[in-house]
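Trainee: Sharing a structure below in C-alpha cells format, with a few things to ask.
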Amino acid sequence: VGGDVAFWGILGNSLLYAVGCAVLKTLVPCLTAYSCARFPFKSSKAVYNIVLITMIVPVVGSLPSELKVAYALGIHDKIWGVWIMSANMLGLYFFVMYSAFKAMPMGYTEAAKIDGANNFQILTTIALPLVKNLFLTIVLINFVEFWNNYQTPQVYLPNHPTLGYTLYYYTRVINDRTFSTLPYLITMAFIIVLPVLILFLIFQEKLMGNLTLGGLKG
C-alpha cells in the first residue's frame, strides 16, 4: 500500500510539474509576442531585442543566483514556484509566436474594432483561435521536455520527486547493477514513455501537420 501511495504521489507531482510548466512556458511567450507584434511601441522593440540578446549571449553559472532568489522569495521546493520560474518570455517560442502574429492580416483586427471589440476580445476571439494549433503544438513539445526533465526537480523540488528524477535516482544512485533491479527500471522507463507516446498518437496530425493561418474572405 505504501508503495502504491508513493507511486501515485510521484505521478501526481510529475503531472502538476509538467502540465503547469508547459502551459505557462507557452502562454507567457504567446501573450508577450502578441503584444510586441500587434502593438509596435518602443518598448515592444526593446522586449524583442532583449529576447534576442539572451539567446545569443550564453548564460553560464546562473544556478546559484537562481537558487538564492528562489529561497528569498519562498518558492523553493514548491511546485507552483517552479511554475513561476518557467513562466518567462525568453526562448525560441517567442519568435515562433511573434512570426505567427506578425503574419496575421490587420484586416481581422480592423473588422473587429468596427464591430466594437476591444483589445482583449480581439486577442481571445480572433488572435488565439487562429494560432491554436501552433499553441497546442508548443504546449505538447514543452510537456515532453518537462516530463523527461530530472535536473530541475532534483534542484528545485527535492521533496516533490517526479518520475523522471526517480528513474535517474534509481539508475545513478541506488542501482546495484544486478538483475533484481532491472524489472523496476524497465517498468519505470515504460511509465515515463507511455504518456508521451499516447500524446503523439492522439495529436500526431497537429504535431506533423502544416500550421498555417487562414486568409481574409471578401
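The values are calculated or read from the model by the stated rules, or taken from the named source; none is laboratory data. Bear in mind the structure is a predicted one, so any value in this text is a computation, not a measurement. FYI the Cβ positions are ideal-geometry reconstructions off the backbone, even for glycines, and counts take in every protein chain you see. Note: areas computed on protein heavy atoms with side chains; ligands, DNA, RNA excluded. Shrake-Rupley method; radii C 1.70, N 1.55, O 1.52, S 1.80 Å.
Trainee: Find the Cα radius of gyration of the stretch 1-143, compare it with 2.2 N^0.38 Å by division, and give the number to two decimals.
Mentor: 1.28
Trainee: Now a separate question. Which order do the peptides 113-125, 9-21 come out in when sorted by mean C-beta neighbours inside 10 angstrom, highest first?
Mentor: 9-21, 113-125
Trainee: Compute log10 of I(q)/I(0) for the stretch 86-164 with the Debye formula, placing one identical point scatterer on every Cα and leaving out solvent, at q = 0.10, 0.17 Å⁻¹, to two decimals.
Mentor: Here the Debye-derived log intensity ratios amount to -0.39, -0.79.
Trainee: Can you flag which of Lys78/Lys102; Lys42/Lys78; Lys25/Lys132; Lys102/Lys132; Lys78/Lys132; Lys25/Lys102 are past 26 Å Cα-Cα?
Mentor: Distance filter (> 26 Å) returns Lys78/Lys102; Lys42/Lys78; Lys78/Lys132.
Trainee: Go through Trp147, Trp83 and list them by solvent-accessible area, largest first, probe radius 1.4 Å.
Mentor: Trp83, Trp147
Trainee: Give me the distance between the Cα centres of the stretch 103-130 and the stretch 10-62, rounded to whole Å.
Mentor: 23
Trainee: Give me the one-decimal nm value for the distance between modelled label points at Val196 and Asn88, 7 Å along each residue's Cα-to-Cβ direction.
Mentor: That separation, rounded to one decimal, is 2.4 nm.
Trainee: I would also like to ask the following. At a Förster radius of 25 Å, what calculated FRET efficiency corresponds to the Cβ-Cβ distance of Leu73 and Leu15, to the nearest 0.05?
Mentor: Given R0 = 25 Å and the Cβ-Cβ separation, E is 0.55.
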